[in-house]
1. Interface size between chain B and chain A, please: total buried accessible area, 1.4 Å probe, rounded to the nearest 100 Å².
2. Keeping every protein chain present and rolling a 1.4 Å probe, give me the accessible area per residue for the stretch B:206-250 in Å².
3. If I stretch the segment between residue A:157 and residue A:110 completely, what's the gain in nm (0.36 nm per residue apart, minus their alpha carbon distance), one decimal?
4. Take the Cβ-Cβ distance between residue B:347 and residue B:462 as r, set R0 to 51 Å, and report the resulting FRET efficiency rounded to the nearest 0.05.
5. Which length gain, in nm to one decimal place, applies between residue B:604 and residue B:296 when the Cα-Cα distance is subtracted from 0.36 nm times their residue separation?
6. Within the stretch B:601-622, which residues have the backbone N less than 14 Å from the label spot 7 Å out from residue B:664 along Cα→beta-carbon, could you tell me?
7. So if we plug the beta-carbon distance of residue B:613 and residue A:425 into 1/(1 + (r/R0)^6) with R0 = 41 Å, what FRET efficiency do we get, rounded to 0.05?
8. Strictly over 18 Å apart at the Cα level, which of B:425/B:532; B:316/B:455; B:374/B:532; B:362/B:412; B:316/B:450; A:345/B:663 would you flag in this model?
Amino acid sequence: MTALLQHPGYDEEKLRRVAEQLPCREVQAGLLLSLMGEPQQYSYPSIFIYGHRASGKSHVLHVLLKELELHHATVSCVECVSVALLFEQVLLSFFGCDAASLLPRSPSLSDFVRIYRQQPVTMETSSHQTVVLNPVVEDNVTVILLSEIVWDKFRPNTGCFEPLLLHFPDYSKGELQQILSQDRHPSYSAEFYSSYINILLGVFYSVCRDLRELRHLAALNFSKFCEPLEEGKVKETDTHKLWRNIEPHLKKAMQTVYLREVSSLQWEQMQLMEEKEAGALRGLSAHTHVELPFYSKFLLIAAYLASYNPARTDKRFFLKHHGKIRKTNFLKKNEKTSNHLLGPKPFPLDRLLAIFYSVVDSRVAPTASIFSQISSLVTLQLLTQVSHDDQLDAPKYKCAVSLDFICAISRTVNFDIVKYLYDFL
Amino acid sequence: MYEVLGEISQFGQQTGQMTYFCASFKVLQDELNRKILDSLLDFTRKCSSARQHSDWASQMRANEIPTAALVLGVNVPDHDITFQSLSELLHQSVTPHVASVEAKECGGTQLKVLERLMDTVVDDDEEEETEHTSTQLHKSVNCSLSALCDWYITKTKKSSSGTPGKKRSSPAEHERQQQPPVVIIFKDLEAFNPRVLRDFILICSRYIERLPLMFIFGIATSPSTIQRMLPHSVSSLLCIELFQSLSCTQHLATVIDQLILTPQFPFKLNAKVMQVLLSIFLYHDFSVRNFIKGLQLALLEHFHSQPLSVLCCKKKEALLNVMQLSHRDLERIRQLPSFKRYVEKQESQEQVNLITDDSHLKETCRKMIKGLHKYHKNYYPILKCLHTLTSALPRYPLGKQIRELHLTCLEKNVWENEDYQSAMKLLKMLAKDDLIALLQRCGEILKPVKSKKMKSTAFQLEELLTKFKQLDSKLRKEDSITSPIKNLQKKTDLFQLQKTLLEMNETRRSKKLSPFEILRNEALEFIDSLVKSHLSPPESQTLHEVCYYSSSATVRRHLNATPRTSIQAALSSPYYYLQNLKTEDGTVSNAAPDICIAYKLHLECGRLINLYDWLEAYATVVSAADGNDPDSDGYGKVDEVKHARFIRSVSELEFLGFIKSTKQKTDHVARLTWGGC
């Protein structure tokens, strides 16, 4: 392993430590090292590293920079919403508070460079995700950009200095096994934990290759795996029995914890409980019932009808003497496809209210609270406002609920919504 | 003199009752949320203590941000109070660092969220400390989570070194105090921009190792919104636990039970007002707070509009106040419809006495007030008893909720109601065990009531129950004799069985009622008599106007505003607001404001209005109003002043949304409303 990481500029001992911490990423680490060269040499100005989530990008870089004691600043671009924050963080981690406080209120790039030049240190930069920071500082600086997206998406129109592209491939199953087996429980043997990881990967590898998630799941379910062992029923070597015990449990975990239907805390409590009680725990998506005031329900129903019925058909549904209109004669070319497949269409407020008044049985005065209910439906995201907020004149909305939801709502007010939907005629 | 005194004392009572109302509501609200808030507090404590110990499993686990999803229902106006008491409680018992953010304040970027967060969390503490150095530091540093993190670390260090051994607490607790979690409450999750929230959570997760963050999401609809708003990569950073609060209807039931169905408050609502408040709640907003507001409004209106509300207070004070009534007040009493009805029933001598003799009237009033209070004391327990009996019946003939039963009782004699009859029929078919259980529950309701009538009723009920129990033991004896014979008669032949069953049926029909049935009828008759004597509507009571607020139209007008109707009313009949314009026939006089004339004229047009025609018609009407001679030259001519006035009224109409400019024809405007002529 250590053979791969050899570099004249650095201490053998340090390199060995690095290699130990970076299993399955020796090739990439070696490449990076050779790109950066020896400490006193000038290195390549910018490197772009990309790869999926949890493929070890930041980990490799972090270990390299830390163990080899290189000057560096790590900045997250999601966090730096303004350039000022970015500059400040870079200066802060290089030179400490004093330099950072020299920055003016809304700094430009030249301010940054000016302050940077005053500080006589060389260093390497590693930027976390997306910003293209041109190395205008005439110094030995390498900007390393990490991202989950390919470089082509970031290339600016005006052109820039092309960085070196470096891809981190996903870990293979064997590599995952190797890495996960490393963090074994102190009180159990390495083989035992490794066999556990093997079973875990057998269940989860098909749906999840994220190292972080897998490690999380391994930690959550390990106590259950050890249960028969602690009760003295099986020995450590009896993998088949252990597998029989844990497999249904892991499958259940795949449907609940992995999807975050159930939080990990609840999952742990559930493991302590008896099987019967555990069945009672419902996931997040099981709670879909929403209580609404009476008129809000009808407003939502009216909005749904307005969204999914073509406006021409309103006459047929809501007028008493509409005459007989056959669906076949009525169809226009583009309406042959189901409206439900096309998704909700925007409708003006007038139409919503007109349908609302014909749908509600009783006479409703157009009070302020009816209108405020519309806006509160918008804040609850059951309706969405399509037109801009500023447009007070004839605002447009879309209905954002599913057919199942609206059916459940209309059942509570004894309204047969399917009869009023054009798609189901 | 007395009047002034009366007014002052009235004012005092009014504010007194108001504050009492508010205070009891606050207590109530806290009580309602107690359970869910307690479990939330437990959750925060558990999370903050879970961070401390470091076993293998928790080391291996991805660092999740503990999150409580608090489902509060769609009654958004009520949430504020809940969140307020939540953050107060958290502040008191778990952590000093609590920040609540609202979507409105946080705009479109996560920077705003951060700014808001820094503001509340950091500022709160600085107020306590008033250290100049730290304030200056925070002003110079940009708002970022790393700054917050640094601040937190210095803060915790300071407090741990600052006051060691000041309080002797257990080590675990001490540790928790050292690292109190930073709680961020998102008041309205649905309203947040998903992108902002996503970024914010991503950033926070980078700092979770150093900064013990905790989220509380306030959710109005359903927990699945979290999954809709956040992608899996983000929601996997959260450890979400669900907390569901009581539904709004349950809240309302408690409020009604505590504030309305109690003889404690002398102030009452009549059926119509109650109906208005309930329909606003059920049809419009589900907001308990607004319901209470409505109640307060009714209270205020009652004391404001009814001079005799001076008697609407506790019994002792009311009796005192009766003695201080002035002659004018007594005349008012004589005018009350309920009092008139009472007078008509009296003998002629008594009638004369009541009308002429003030002191005699005062004495009678005292009696009546006493009667009224007694009525209330008996009404509510019996109402609750009837509700317990009928709410168990299939299909709820008298309503599922007690408020429905209360409404029917307020409206008219409940025993004349068809539903009541059917409920009684159903009760007559109840099995013994059910009936006994129900009667026992009634007994429990009646027992704590402090009134002679109710005491005796409770006693009678007890007697009935013991009779039922005695019946039980008697029957057992009979059973032991009869059952062996039945067993002997058992035949496997189907035809025989049918025959015997038919026979048994016949005998049962012709047979006399069993002792249990007799007793059951007796019990139900007893209940029926109770209902008839105590659940008569308040309108039957003399002087009910003193306590009952009845103007439902006022309440509706104040709480359920109809802006469009009032604008139209103002435009079509301005004399409703401007008294001097009143004409005999009710039409708009020519002297009405310009906009009214323009409005009236535009009603006569179709969908598109020709502006020039409109202007000419307007000029004619205005000239007539100016009193010009119809035969003169200038009559009906458009001059500059009229033109300007017309343009102004047209633009006002456009502003109010009655017309808008159209591109179909250049000199036309389009009407936006229908009807009119």
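1. Working: alone 38380 and 24590 Å², together 58170 Å².
Approximately 4800 Å² gets buried when B meets A.
2. Numbers: 1370 Å² over 45 residues.
That works out to 30 Å² per residue.
3. Gain on stretching residue A:157 to residue A:110: 14.7 nm.
4. My answer for the efficiency is 0.80.
5. 106.4 nm
6. B:605-611
7. 0.35
8. B:316/B:455; B:362/B:412; A:345/B:663
The values are calculated or read from the model by the stated rules, or taken from the named source; none is laboratory data. This is a predicted model, so every value here is computed, not measured. FYI the Cβ positions are ideal-geometry reconstructions off the backbone, even for glycines, and counts take in every protein chain you see. Note: areas computed on protein heavy atoms with side chains; ligands, DNA, RNA excluded. Shrake-Rupley method; radii C 1.70, N 1.55, O 1.52, S 1.80 Å.
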